[in-house]
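**Q** Before we start, here is the structure in question, set down as structure tokens.
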Amino acid sequence: MIEYWHNPRCSKSRAGLALLEDAGADLNVRKYLEDVPSVGDLKRVQRALGGLPVLQMMRTGQKRFKELGLGKTDTDDALLQAMAENPILIERPVAIKDGRAVIGRPPEKVLDLI
């Protein structure tokens with residue numbers, strides 16, 4: 001089962017979802033803007049991403065990132081909390097399976113979990 005953090009308004013997220021559906025993947029789609037991940041969820045995904053720096057899990061070009069005054073010098077805990085409180089900051093899409101995860105940029109990366 002692939003857990004897929006999806007934003008239906010995002011073309012990359014829609015493209016990744018279509019690729020997984022076309023491949024016949026067993027999916028659990030989580031609309032993460034509505035079903036907001038906790039800090040614990042985000043830490044689990046960070047580990048599954050191989051310990052990727054938290055900043056690389058974020059949409060740093062997002063207006064909200066700037067409004068919150070976030071930057072490279074913020075602690076991981078502060079950045080994770082910001083994502084939990086403002087899920088629009090989470091880079092998308094994210095696909096998770098069996099302790100591994102990928103960020104679907106480009107969307108074809110989600111196929112790495114099949």
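**Q** How many residues, within region 1-49, are surrounded by fewer than 16 Cβ atoms within 10 Å (Cβ to Cβ), of a type in the set (Gly, Ala, Ser) and within 16 Å of residue 59 (Cβ to Cβ)?
**A** Matching residues across region 1-49 total 1.
**Q** Among 105, 92, which is touching a residue at least 60 places away in the same chain (Cβ under 8 Å), surrounded by 20 or more Cβ atoms within 10 Å (Cβ to Cβ) and charged (D, E, K, R)?
**A** Selected residue: 92, the only one of 105, 92 that is touching a residue at least 60 places away in the same chain (Cβ under 8 Å), surrounded by 20 or more Cβ atoms within 10 Å (Cβ to Cβ) and charged (D, E, K, R).
**Q** Take the residues of region 36-66 that are in a loop (DSSP other than H, G, I, E, B) and of a type in the set (Val, Ile, Thr): which is nearest to residue 95 (Cα to Cα)?
**A** Looking at residues that are in a loop (DSSP other than H, G, I, E, B) and of a type in the set (Val, Ile, Thr), I get 36.
**Q** Suppose we filter 64, 100, 92 for residues that are within 28 Å of residue 1 (Cβ to Cβ), out of contact with any Ser or Thr (no Cβ under 7 Å at 6 or more places or on another chain), at pLDDT 95 or above and not acidic (Asp, Glu); which single one remains?
**A** Only one candidate passes the filter, namely 100.
**Q** Mind telling me which of the residues 15, 25 ends up being within 25 Å of residue 98 (Cα to Cα) and in contact with a strand residue (DSSP E or B) (Cβ under 7 Å, 6 or more places away or on another chain)?
**A** Working: 15 fails: in contact with a strand residue (DSSP E or B) (Cβ under 7 Å, 6 or more places away or on another chain).
It is 25.
**Q** Would you be able to say whether some residue in region 17-32 is assigned to a helix (DSSP H, G or I) and of a type outside the set (A, V, I, L, M)?
**A** Yes; the residues of region 17-32 include at least one that is assigned to a helix (DSSP H, G or I) and of a type outside the set (A, V, I, L, M).
The values are calculated or read from the model by the stated rules, or taken from the named source; none is laboratory data. This is a predicted model, so every value here is computed, not measured. Positions of Cβ are backbone-derived with ideal geometry, glycine not excepted, and every protein chain shown enters the neighbour counts.
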